[in-house]
Amino acid sequence: MENQTTNQSTINRIVWKACDTFRGLIDPSQYKDYILTMLFLKYVSDVYKSRYSEYLEKYEGDEERAMRTMRYERFIIPEDSSFDYLYENRTASNIGELIDIALANIEDANRDKMSSEDGSSIFRNISFNSANLGETKDKNARLKNLLADFKELELDAKHLENNDIIGDAYMFLVSNFASESGKKAGEFFTPSEVSTLLAKLTKSASGSRICDPACGSGSLLIKAGKEVEDGNFSLYGQEVNGSTWALAKMNMFLNRFDNAVIRWGDTLRNPKLKENDKLMHFDTVVANPPFSLDKWGAEEAASDEFNRFWRGIPPKSKGDWAFISHMIEVAQEGVGKVGVVVPHGVLFRDASEGKIRQKTIEENLLEAIIGLPANLFFGTGIPAAIVIFNKGRGVSHTPNNKGECNSPLPVLFIDASREFENGKNQNKLRPQDIEHIVSTYRKFTVGKLQPGVVEDKYAYVATFDEIKENDYNLNIPRYVDTYEEEAEIDIPTVQKEIDTLEQQLAEVQGKMQGYLKELGY
């Protein structure tokens, strides 16, 4: 049976209660950094303390030997940087400064893991001594309360060894912060159900290298990794926002993916995931990039050293196809699969985007398009779609000995926009909705679905010729007929109901006139 202090619901309750320290003072999109950093500090401190106790017992109280063994632990925690040290000093007049020093010391002690390739700190964008937390007296009181809230957590190394409890708590917090943060949430979090769907659609094989070039806080990347059944995979990501990059790094540690490579930088202007000065290639590439990003770097794209935009340069004000072009280029030739969340305009806008879209179709890269329900994403109510590209579809455009080229394979269209759970502030994909999409897609990939209507008003398999006839427009209603015939109106019955209602109204009005007359009106 789980210890009361370490079951999932208890941890979630404690960490969510800790948020009360900051509510009303600063925006959730900001105070999330303080809460998540404190959870990380508590986790690494408690695991370190727990390990030390185990070694002390093993070596019969020999402190020197126990400390020598501790050098090989996942994290080294200096004595004056532990959570317990900070808790003991919670009433200090400079407690904010002490927390900042503790974080800096932890990073120094674990620099090979916790810094970016240019030496930047994962805690560089957060300060517990910031004036944002109020005047000194108020700030100290808040930090004292925050430390007291987290003191309730008792995290034991043995219990956490084969348990996702802390990683799940982190994801729970990020998800809740996203729901509180409104529009800003889309910058760091993809709804859990969408991440699950995208991870299942691009399900990676054993040994895969998986990449998210716009990884946010890393939730989608982690979901994609967990779809690999034997746990043999490697994770890579890049994130442009420094604070969000730090969250992704901590997220990887708390989910025990210590070897994940998460780079900080602008993927479109300065891709950081490279090998021998060339772009690294991946078996699976997934992303929920910012929709229609303005000023994404179109001016520099023509001279891109990696020639990622050879199919065409997307418009300056819409970077959707820039992200897609990057993702296709870094997908492994012959096997790589790409899954990307996009606004519907990607499917039908003309000009340069239309030309890029046409080329990807003619190259036989496009495999499936899935239309999602509206209001799934934080910060926008517009419906989005998932587009799947596959570099392993197996059709060559090289002429055969008869001088003929093979045509691109058919493409699956799914309209899943009507299957969801209606929420107060945000809609949600249910398990059965995800299963419906995934099972339909998997039947298609194994050749069980033939061109034409697969499922009435839900799925259609379109041939290359059909798509070409539509001028390479991929708007889903062109392929999936969702038209609902209106029910015939029985005019005599409706007229009879109207007559009855008018008669009842006249009777009520007559009674009202009588009552008013009695009252002298």
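Taking Cα centroids, how far is region 318-374 from region 426-504 in Å? With region 318-374 and region 426-504 each reduced to a Cα centre, they are spaced 23 Å. For the chain, the spherically averaged projection of the C-alpha convex hull amounts to 38.9 nm². Scattering from region 24-63 was approximated by placing one identical point on each alpha carbon and applying the Debye formula without solvent; log10 I(q)/I(0) at 0.22, 0.25, 0.26, 0.29 1/Å stands at -0.70, -0.78, -0.81, -0.87. Phi angles of region 470-478 translate, via the Karplus equation with coefficients 6.51, -1.76, 1.60 and θ = phi - 60°, into HN-Hα couplings of 8, 6, 6, 7, 10, 4, 4, x, 6 Hz per residue; Gly and Pro are given as x. Using r as the Cβ-Cβ distance of residue 141 and residue 439, and R0 as 60 Å, what FRET efficiency do you calculate, to the nearest 0.05? Working from the Cβ atoms, E equals 0.65. Arrange 382, 166, 467 by Cβ neighbour counts within 10 Å, fewest through most, would you? Final ranking by Cβ density, sparse to dense: 382, 467, 166. Near the amide H of residue 368, within less than 5 Å, lie the amide hydrogens of 388, 412, all on another chain or at least 5 residues away, with H placed in the peptide plane. Dividing the radius of gyration of the alpha carbons in region 284-373 by their Kirkwood radius gives 0.93 for Rg/Rh.
Taken over the C-alpha atoms, region 4-163 has Rg and Dmax values of 16.3, 50 angstrom.
Per-residue extension of 0.36 nm, minus the Cα-Cα distance of residue 295 and residue 465, leaves a gain of 57.7 nm for this segment. Between residue 409 and residue 12, full extension at 0.36 nm per residue minus the direct alpha carbon distance yields a gain of 138.2 nm.
The Cα-based radius of gyration and maximum Cα-Cα distance (Dmax) for region 233-323 are 14.2, 40 Å. Taken along the Cα-to-beta-carbon direction at a fixed 7 Å, the label points for residue 113 and residue 419 span 4.2 nm.
One way to sum up the overall shape of region 99-152 is the equivalent ellipsoid from its Cα gyration tensor, whose semi-axes run 26, 14, 7 Å, largest first. Under the membrane-span-like helix rule (DSSP H runs whose alpha carbons stretch at least 20 Å along the helix axis, mean Kyte-Doolittle hydropathy 0.5 or higher), the chain yields 95-109, 165-181. Region 262-292 and region 6-52 have their alpha-carbon centroids 30 Å apart. Among the listed pairs 139/223; 49/151; 17/137; 223/468; 226/443, those whose Cα-Cα separation exceeds 25 Å are 139/223; 223/468. Taking the Cα centre of region 4-163 as reference, the dipole from Cβ charges on Lys and Arg (+1) and Asp and Glu (-1) amounts to some 480 debye. Report, ordered by chain and residue number, the lysines lying within cross-link reach of residue 424, taken as a straight Cα distance under 17 Å and ignoring same-chain residues fewer than 8 apart. Partners within reach: 183. Residues 446, 15, 285, ranked from the fewest to the most other C-beta atoms within 10 Å, line up as 446, 15, 285.
Every number here is computed from the coordinates shown, using simple stated rules; none is lab data. Owing to the predicted nature of the structure, the values given are computational and were not obtained by experimental measurement. Counting neighbours? That spans all protein chains shown, and the Cβs are built from the backbone with ideal geometry, glycine included.
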